[in-house]
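Peer 1: What follows is a structure written as structure tokens; I'll ask about it next.
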4 protein chains.
Amino acid sequence: MKKALVIGVGPLNGLGGQLCRKIAKNNFEVFVAGRTKLSLDNVVNTILNDGNKATPLEVDATNENQIKNMIKEIGPGLDFAIYNVGNNTPGKIVEMDANYFRESWESGCFGGFLFAKEVIKTFISEKTAGTLIFTGASASLRGKSNFGAFNSAKGALRNLAQALAKEYAEYSIHVSHVIVDGGLAGERIKKRISNFDERVKEGKLINIENVTDAYMFLYNQSKHAWTFELDVRTSQENW
Amino acid sequence: MKKALVIGVGPLNGLGGQLCRKIAKNNFEVFVAGRTKLSLDNVVNTILNDGNKATPLEVDATNENQIKNMIKEIGPGLDFAIYNVGNNTPGKIVEMDANYFRESWESGCFGGFLFAKEVIKTFISEKTAGTLIFTGASASLRGKSNFGAFNSAKGALRNLAQALAKEYAEYSIHVSHVIVDGGLAGERIKKRISNFDERVKEGKLINIENVTDAYMFLYNQSKHAWTFELDVRTSQENW
Amino acid sequence: MKKALVIGVGPLNGLGGQLCRKIAKNNFEVFVAGRTKLSLDNVVNTILNDGNKATPLEVDATNENQIKNMIKEIGPGLDFAIYNVGNNTPGKIVEMDANYFRESWESGCFGGFLFAKEVIKTFISEKTAGTLIFTGASASLRGKSNFGAFNSAKGALRNLAQALAKEYAEYSIHVSHVIVDGGLAGERIKKRISNFDERVKEGKLINIENVTDAYMFLYNQSKHAWTFELDVRTSQENW
Amino acid sequence: MKKALVIGVGPLNGLGGQLCRKIAKNNFEVFVAGRTKLSLDNVVNTILNDGNKATPLEVDATNENQIKNMIKEIGPGLDFAIYNVGNNTPGKIVEMDANYFRESWESGCFGGFLFAKEVIKTFISEKTAGTLIFTGASASLRGKSNFGAFNSAKGALRNLAQALAKEYAEYSIHVSHVIVDGGLAGERIKKRISNFDERVKEGKLINIENVTDAYMFLYNQSKHAWTFELDVRTSQENW
């Protein structure tokens, strides 16, 4: 049984949680990595109840030693890895604390570097034609007022992902970047807006299950025709 | 049984031919449209031999009346349409005949306009949440020496496709653009290069079967998380 | 005295007219090309009254013979050429006449091909390290609902311009593309909106004089550090 | 006399040094900021010998307190600021030390955040319609094998710059990003390659004097038609 690793897992009905569940259903042993033990356990238990395999890994994505230990714990057989860390970090630059800007980059990009480095080293040493996917956003492609920190971190991650895609293609390692353009119909937004159900019904929030299908599609591509980047949005998105 | 239409079909082992075959296998009645009767018949017969349904439609994609008649012949039930017309048109601008430049645009973009107009009118009048996909190229995104005509036509098609994607999203019509980055392992290149088999073996040409999977993936997306654009290339492509 | 040619000249206080006047002030003999004799004469007379040199050339930019004749009439010494043709062409694709779409491309892109071909041939045959600038728009970079025809034509022109920039750099010919992002404070918009003066005062329309400075800046660049593309917009533009 | 500040100044014949000299010639008191006292003094002395005004400021661009103190030392009247910090940082990701990746971002982007924050705060508090320019590279726009760290840092800086441009346009503050595409004919490359003079003669390296003209052009633009981004390259660049 092949192993998959998703880092940046929060609530079960968030993108990270649903990626884990979908991948587990596709016959992977899934390693569920994130900062909050309770959330990880919830995702793992759901997967186990589905009759599939999952293991929680409590980890800070921006800590190199923790990333290295995580990879060791997983052991041989890793074939699919997803970097799904990094929340939106709104705010005007002139009012922004330097640490806030730095932390936006640390979770949004630096952790992606640490993760990619260890994952790809593992793929190469095990001669695995593995897949590594990064979660991006429309913010990855441009800067916008009030979102300078997030735009910057996401732009940094995207260029890194593209460099990785080119750098490790010769090892048959597939690196992809998914542009999630809009709000996801998951826990995070549910907590933030009052009319969540209405917005879901109107089709204004991205269906997470459908997004996880896109990640599986990317995983299943052959090196004879693979995709670096695709975008996902609802039909209602104004772009 | 839903109907699909692919325009720009040449040899069986080209992208158009293989799109038809793949879509037919996915339980569509496929309308196989192109300029050369012999090629269309070959594709159609192969699909019939597979036990699936197909009809040839001899048509010039740049002729408005022929496009309109084609849509009439197909009749109700169209759900999936692909514009796959437009070959590469190399040449330096200062040495280029004006008609050559014009024809590059006519097949590369104007036919796409005619096609999209009739297909989308049909989707709207039949209240079909249909899918319309355009075949693009790396040329869609930039200009390059010796390829001004092709770059220009493909850039024109891409901006048109993006405008369509936004304009008809409210009708739940999904418009996509596939960036094919590199040579396809099909008849066209086979005829042009001497070491075709070697290049296929080395993985330097894009596997057409895999590309058709990407088109099916786009077709199967829901409007709650759909993709406007994705790229496909081999692991060996220098990009 | 070096010669300059601007095609796509309408009213004096439009971009074409002001480009002519600014270039003439910079010691060029300016050839003022456009479709409407009256407008051309107005621009030419103003330049002559400034004490500078100008000649009107009545020409349809989409007609190859007229373009060729125009170049002949100018004679030797052409050093600077600007393609400024192509108005916005709004409209939904499903309601659009095929000729409207075609004409949008013919003025927006095909004329640019005809113009570039003859201008660059002249530059090469006269061993002139000339400059050729195309007027673009934000529409050059993407598609948007209701602007499919214009987006498509402008995207086509941009990719052509980029191909030309690369193709003729070896002849020290400088090809540039100016992205005008927003409405210009000129005759065209003045006629269309009722609160023109108010909008100018509020700084919401692009100052044409300032745009012409950007064209002169591009002209004056050396081949050791030249620019393919720059954007211009007001501080009030929402982008 | 207006004040200008350039951070990221090294040798006199580098981009930072020549920006200082050019700006000083345009009647600014120039503050010359960088890490190496000797280099700063050399630039300052040259400017003083030209009969213009300059002051050295020894500063680490990635240190918030030093940036804040630098702004205090300059005092009122700042009108023009340039962030020119961040060298290329080649290397494969799997072999790269985490600190190397981090430092690439710290000088390439984080320092730009610190600098922009203090500069813009000063502009706003003094009601100055100032100009802030960032030095970018072709690396700002994409990822490439062996340059993941640099691509990532430069992509981060570009998105930040674009967010700033939009965020502070309402204060009439002009934020720009210059894409330097290729090697500069300056000290850094002179030290690295053996055939420097030959390459300069062949026109293969970007003329720094010409680049400084582009920065002055951006400074001189009005808010009624200003530029966010322009690229500069030689006619010999392969792009």
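The values are calculated or read from the model by the stated rules, or taken from the named source; none is laboratory data. As the structure is a computational prediction, the values presented were derived from the model and not from experiment. Note that each Cβ is placed from the backbone with ideal geometry, even for glycine, and that neighbours are counted across all protein chains shown. Just so you know, the surface numbers come from the protein's heavy atoms only, side chains and all, with ligands and any DNA or RNA stripped out. Shrake-Rupley method; radii C 1.70, N 1.55, O 1.52, S 1.80 Å.
Peer 1: Let me make sure I get this right: for the protein assembly as shown, a, b and c are the square roots of the gyration tensor eigenvalues over alpha carbons, sorted descending. Under 1.5 in a/c it's rounded, otherwise prolate if a/b > b/c, else oblate. Which is it?
Peer 2: Taking the square roots of the gyration eigenvalues as a ≥ b ≥ c, the protein assembly as shown is oblate.
Peer 1: Tell me which of D:Ile71, D:Phe110, D:Val43 sits at the most positive position along the dipole axis of the range D:43-160, charges placed on C-beta atoms (Lys, Arg +1; Asp, Glu -1).
Peer 2: D:Phe110
Peer 1: Distances from D:Ser125 to the same residue in each other copy, label points 7 Å out along Cα→Cβ, in nm, shortest first?
Peer 2: The projected label point of D:Ser125 is separated from its counterparts by 5.2, 6.5, 6.8 nm.
Peer 1: Leaving ligands, DNA and RNA out of it, report the carbon-plus-sulfur percent of the accessible area of the range C:86-239 at a 1.4 Å probe.
Peer 2: 43 percent
Peer 1: A further question follows. Report the residue of chain A with the smallest Cβ-to-axis distance, using the rotation axis that brings A onto B, in whole Å.
Peer 2: Axis-proximal residue of A, distance in whole Å: A:Leu230, 2.
Peer 1: Quick one: work out Rg over Rh on the C-alpha atoms of the range C:51-157, Rh as Kirkwood radius. List each step's numbers first, then the result.
Peer 2: Working: Rg = 15.7 Å, Rh = 15.0 Å.
Here Rg/Rh amounts to 1.04.
Peer 1: Let me ask something additional. To the nearest 10 square angstrom, how much accessible area does D:Thr55 have with a 1.4 angstrom probe?
Peer 2: The value for D:Thr55 is about 40 Å².
Peer 1: Please list C:Phe123, A:Phe147 from largest to smallest accessible area, probe radius 1.4 Å, with all protein chains kept in place.
Peer 2: Values: C:Phe123 0, A:Phe147 65 Å².
Final ranking, largest accessible area leading: A:Phe147, C:Phe123.
Peer 1: Run the simple label-point estimate for C:Glu58 and D:Val200 please: 7 Å along Cα→C-beta, distance reported in nm.
Peer 2: 5.5 nm
Peer 1: In nm to one decimal, list the spacings between the D:Lys72 label point and its equivalents in the other copies, with label points set 7 Å along Cα to Cβ, shortest first.
Peer 2: Once sorted, the set of distances for D:Lys72 reads 4.6, 7.5, 8.3 nm.
Peer 1: With springs only between Cα atoms under 10 Å apart, run a GNM on chain B and tell me which of B:Ser107, B:Ser140, B:Ser222 wobbles the most.
Peer 2: Of B:Ser107, B:Ser140, B:Ser222, the Gaussian network model singles out B:Ser222 as fluctuating most.
Peer 1: Which residues' amide hydrogens lie under 5 Å from the amide hydrogen of A:Ile206, considering only partners 5 or more residues apart or on another chain, with H built in the peptide plane?
Peer 2: Amide H neighbours of A:Ile206: A:Gly183, A:Leu184, A:Ala185.
Peer 1: Something else now. Within the range B:54-155, which trypsin sites (Lys or Arg not before Pro) sit in a loop by DSSP and count at most 12 neighbouring Cβ atoms inside 10 Å?
Peer 2: Passing sites in the range B:54-155 are B:Lys127.
Peer 1: Between B:Thr36 and B:Lys72, what is the label-to-label distance in nm when each label sits 7 Å out along the Cα-to-Cβ direction?
Peer 2: 2.9 nm
Peer 1: Give the lysines reachable from B:Lys166 as a straight Cα distance under 17 Å; neighbours fewer than 8 places away on the same chain don't count.
Peer 2: Qualifying lysines at Cα under 17 Å: A:Lys204, B:Lys117, B:Lys121, B:Lys223, C:Lys92, C:Lys144.
Peer 1: Between copies, how far apart are the C:Arg188 label points? List them in nm, one decimal, shortest first, with each point 7 Å from Cα toward Cβ, please?
Peer 2: 3.5, 4.0, 4.1
Peer 1: Using alpha carbon centroids, what distance separates the range A:118-153 and the range B:40-81, in Å?
Peer 2: Spelled out, the Cα-based centre of one part sits 42 Å from the other.
Peer 1: With +1 on each Lys and Arg Cβ and -1 on each Asp and Glu Cβ, how big is the dipole of the protein assembly as shown about its Cα centre, in debye rounded to the nearest 20?
Peer 2: 0 debye
Peer 1: At R0 = 41 Å, how high is the FRET efficiency between D:Lys121 and C:Asp50 if r is their beta carbon distance? Nearest 0.05 is fine.
Peer 2: It comes out at approximately 0.35.
Peer 1: To continue, here is another question. For A:Met216, tell me the accessible area in Å² from a 1.4 Å probe, rounded to the nearest 10.
Peer 2: Accessible area, nearest 10 Å²: 20 Å².
Peer 1: Round to a whole number: what % of the accessible area of the range B:1-56 belongs to carbon and sulfur, probe 1.4 Å?
Peer 2: Details: 1070 of 2340 Å².
With neighbouring chains kept in place, the figure for the range B:1-56 is 46 percent.
Peer 1: Can you pull out the GluC sites (Glu not before Pro) in the range B:136-209 whose DSSP state is coil and whose Cβ has at most 14 other Cβ atoms within 10 Å?
Peer 2: Details: sites: B:Glu167, B:Glu170, B:Glu187, B:Glu198, B:Glu202, B:Glu209; in loops: B:Glu202.
Here the GluC sites (Glu not before Pro) that fit, given the DSSP loop and packing criteria, are B:Glu202.
Peer 1: Hey, rough spin-label estimate for A:Glu95 and A:Lys2, points 7 angstrom out along Cα→Cβ, what's it come to in nanometres?
Peer 2: That separation, rounded to one decimal, is 4.7 nm.
Peer 1: When the Cα centres of the range A:160-191 and the range D:159-201 are compared, how far apart do they sit, in Å?
Peer 2: Cα centroid of the range A:160-191 versus Cα centroid of the range D:159-201: 29 Å apart.
Peer 1: Ignoring everything but the protein chains, give the 1.4 Å probe accessible area of B:Trp239 in square angstrom, nearest 10.
Peer 2: My reading of the accessible area for B:Trp239 is about 80 Å².
Peer 1: Would you mind giving the mean number of other chain beta-carbons within 10 Å of the Cβ of each residue in D:108-121, as a whole number?
Peer 2: Mean inter-chain Cβ contacts per residue within 10 Å come to 3.
Peer 1: Further, regarding this structure: In debye, nearest 20: dipole of chain A around its Cα centre with unit charges on the Cβ of K, R (+) and D, E (-)?
Peer 2: It comes to approximately 100 debye.
Peer 1: Let a ≥ b ≥ c be the square roots of the eigenvalues of the Cα gyration tensor of the range D:6-78; is it rounded (a/c under 1.5), or, if not, prolate (a/b larger than b/c) or oblate? It would help to have the intermediate numbers written out before the result.
Peer 2: Working: a/c = 2.07, a/b = 1.32, b/c = 1.56.
Oblate, because a/c is 1.5 or more while a/b does not exceed b/c.
Peer 1: Ignore the peptide's own chain and count Cβ atoms of other chains within 10 Å of each Cβ in B:137-150; give me the average, rounded. Before the final figure, lay out the partial values.
Peer 2: Working: counts 0, 0, 2, 2, 3, 6, 13, 6, 10, 3, 4, 11, 5, 2.
Across the residues of B:137-150, the mean count of other-chain Cβ atoms within 10 Å is 5.
Peer 1: Oh, and also: Provide the FRET efficiency to the nearest 0.05 for the A:Ala129-B:Lys25 pair, computing r from the beta carbons and using R0 = 25 Å.
Peer 2: 0.40
Peer 1: Could you state the accessible area per residue of the range A:110-171 in Å², with a 1.4 Å probe and every protein chain left in place? Write down the numbers at each step before the final one.
Peer 2: Values: 1520 Å² over 62 residues.
Per-residue accessible area for the range A:110-171 comes out at 25 Å².
Peer 1: Checking an interface number: how much accessible area is buried between B and C, summed over both chains, with a 1.4 Å probe, in Å² rounded to 100?
Peer 2: 3300 Å²
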